[in-house]
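The values are calculated or read from the model by the stated rules, or taken from the named source; none is laboratory data. All values reported here derive from a predicted model rather than from experimental measurement. Note that each Cβ is placed from the backbone with ideal geometry, even for glycine, and that neighbours are counted across all protein chains shown. Side chains included, ligands, DNA and RNA excluded: accessible areas come from the protein's heavy atoms. Shrake-Rupley method; radii C 1.70, N 1.55, O 1.52, S 1.80 Å.
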Amino acid sequence: MKLFKVFVFLLFGLVFTPICAAATSTKNAPFSFYELKGSSDGATLLVIGGIHGDEPGGYFAPSILIDSYEILKGNVLVVPNLNPDSILAFKRGIYKDMNRKFAHIAEDDPDFDNVARIKEIIMDSKVDFVINLHDGHGFYRQKWENSIFNPKAWGQTYVIDQKTIDNIPFGNLDEIAKQIESKLNQELHYDFHTFGIRNTETRFKDEEQQNSLTYYAITNLKPALAIETSKNIKELPLKTFYQLSSIEALMGILDIKYTRDFALDLKSVEKKLQDYQTLNINGNIVLELSGIKSTLNFIPLLKSDNQFTFTHPLGRVKATKGGYEVYIGHQKVTLLKPDYFSMQCTLEDMEIEIDKVLTKKVKFGKTLEFQEGFLVKKNQGARVNVIGYSKNGVASEEEIFLTSKEMNKNFSLDKAGKIYRIEVYEGENFCGMINVKQK
């Protein structure tokens, strides 16, 4: 049976959306929450990423989990971006360390809403196990070798706060961590990437760790551990591979059954990370973000209240003096320089002829592929502007068969010069954009 995958917009009586214009208050932006439900009952795993904004292995792995995994038995709940503002800034915590706010947090703390909300999710009766994803410094070793390989390092560890939680399903934390460790250490790309288990013995030895998310979970009888890949591994695909492999090992222990739409190898993970997916703007513009140019000029926008919706779980928009910066995680993808219009338009689609044969009625926001060329059919009251084509004396670029040779690649949407935009206006109003893409 097909996976039931839900992006939960309504949770605990509050509405949260993935539309992320730049925040103007002192509150951290709300995080996203996804529920991947299997067709048969089983254990429920809660995966939390992005508590620290400068640990990309910890937030890109859950984004792939959301997009590319189908749960067959059990459930996986995923928060890919617990600390959105810090991810955008690529800083550990711009409002100080969120992972030290789970014992006490003031109501006026910018992180208060996100911490309170994730606590409620952790405490949900259906949650059986919690993992918190990180990148840590160095490579953990039981004995001191040097400043990188030593017992104080956090990288390449499975961190537990104590060995067991008695009389709780999956409370054998040390045993579970050892099973994951054993599996991962057989799948290393380099021998020195060995994983170890770090038991902080939080209750007795680590007062600071008593403020952490995982300790909050276990003190409320929710089994939890942290997965830490190393910050000294600079290749994001490799860190993400280790994170996903660790999550899969844990799902196996919990008897959560799944399939995925890619091979779990380094090359495939890298390809997934390069897929930035799409951005929908105001319901009438859709941009393919993979391969997009670093700057796009004269993008038709409203003067205020623009709606930016991403298909990628880590998509975010930041308003600046120069326009709107588009991010996937901490990675800046493009800058949209706006051209402001009213959008009180009655048109919803246009007829477009593809390769002199096929005529389609196309809604705004769609992309059509052509081989030979395309032609926009005349629509009474509409003015057509094909960005990248110009001819003196032509006010509306309709009923003109255009090939790639007529298009100026300087005005393409993508770096490869394959995608062009057709803008449609009704009087002074912008109606929408249709993209045409050369095969």
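What about Arg198, is it open to solvent by less than 60 Å² (accessible area, probe 1.4 Å), at pLDDT 95 or above and under 30 Å from Glu235 (Cα atoms)? Spelling it out, Arg198 is indeed open to solvent by less than 60 Å² (accessible area, probe 1.4 Å), at pLDDT 95 or above and under 30 Å from Glu235 (Cα atoms). The residues of region 397-432 that are open to solvent by 10 Å² or more (accessible area, probe 1.4 Å) and at positive phi, listed by number, are Glu399, Gly427.
Matching residues to (1) part of a loop (DSSP other than H, G, I, E, B); (2) aliphatic (A, V, I, L, M); (3) modelled with pLDDT of 95 or more; (4) open to solvent by less than 10 Å² (accessible area, probe 1.4 Å):
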position	(1), (2), (3), (4)
Glu353	no, no, yes, no
Asn385	no, no, yes, no
Asn392	yes, no, no, no
Ala395	yes, yes, no, no
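Among the residues of region 78-116, which ones are part of a helix (DSSP H, G or I) and either aliphatic (A, V, I, L, M) or under 19 Å from the mean Cα position of the chain (by Cα) (or both)?
Those that are part of a helix (DSSP H, G or I) and either aliphatic (A, V, I, L, M) or under 19 Å from the mean Cα position of the chain (by Cα) (or both): Pro84, Asp85, Ser86, Ile87, Leu88, Ala89, Met98, Asn114, Val115, Ala116.
This table checks each residue for (1) in contact with a Phe, Trp or Tyr (Cβ under 6 Å, 6 or more places away or on another chain); (2) without any contact (Cβ under 8 Å) to a residue 12 or more places away in the chain.
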site: Asp85; (1), (2): no, no
site: Asn99; (1), (2): no, no
site: Pro110; (1), (2): yes, no
site: Asn172; (1), (2): no, yes
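Under the condition of being among the aliphatic types (A, V, I, L, M), under 18 Å from Phe139 (Cα atoms) and either more than 23 Å from the chain's Cα centre (by Cα) or surrounded by fewer than 23 Cβ atoms within 10 Å (Cβ to Cβ) (or both), the residues counted in region 212-237 number 2. When you scan region 325-341, do you find a residue that is more than 21 Å from Ile87 (Cα to Cα), open to solvent by 10 Å² or more (accessible area, probe 1.4 Å), part of a loop (DSSP other than H, G, I, E, B) and not aliphatic (A, V, I, L, M), even just one? Within region 325-341 (the criterion being more than 21 Å from Ile87 (Cα to Cα), open to solvent by 10 Å² or more (accessible area, probe 1.4 Å), part of a loop (DSSP other than H, G, I, E, B) and not aliphatic (A, V, I, L, M)), the answer is yes, since at least one residue qualifies.
Residue by residue, here is whether (1) under 10 Å from Asp161 (Cβ atoms); (2) touching a residue at least 60 places away in the same chain (Cβ under 8 Å); (3) not hydrophobic (A, V, I, L, M, F, W, C) holds:
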residue: Gln186; (1), (2), (3): no, no, yes
residue: His189; (1), (2), (3): no, yes, yes
residue: Phe192; (1), (2), (3): no, no, no
residue: Ile197; (1), (2), (3): no, no, no
residue: Thr202; (1), (2), (3): yes, no, yes
residue: Asp206; (1), (2), (3): yes, no, yes
residue: Gln210; (1), (2), (3): yes, yes, yes
residue: Ala217; (1), (2), (3): yes, yes, no
residue: Ala226; (1), (2), (3): yes, yes, no
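Could you run through region 125-154 and say how many residues are assigned to a loop (DSSP other than H, G, I, E, B) and either of a type in the set (Ser, Thr, Tyr) or surrounded by 15 or more Cβ atoms within 10 Å (Cβ to Cβ) (or both)?
So the answer is 9.
Residue count for region 342-351 satisfying the condition of being among the acidic types (Asp, Glu) and either part of a strand (DSSP E or B) or open to solvent by less than 40 Å² (accessible area, probe 1.4 Å) (or both): 2.
Condition check ((1) of a type outside the set (Val, Ile, Thr); (2) within 21 Å of Leu133 (Cα to Cα)) across all residues:
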position	(1), (2)
Met251	yes, yes
Leu264	yes, yes
Asn280	yes, no
Leu289	yes, no
Phe298	yes, no
Asp305	yes, no
Thr320	no, no
Gly323	yes, no
Val326	no, no
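The one condition from (1) open to solvent by less than 10 Å² (accessible area, probe 1.4 Å); (2) assigned to a strand (DSSP E or B) that Gly58 does not meet is (2).
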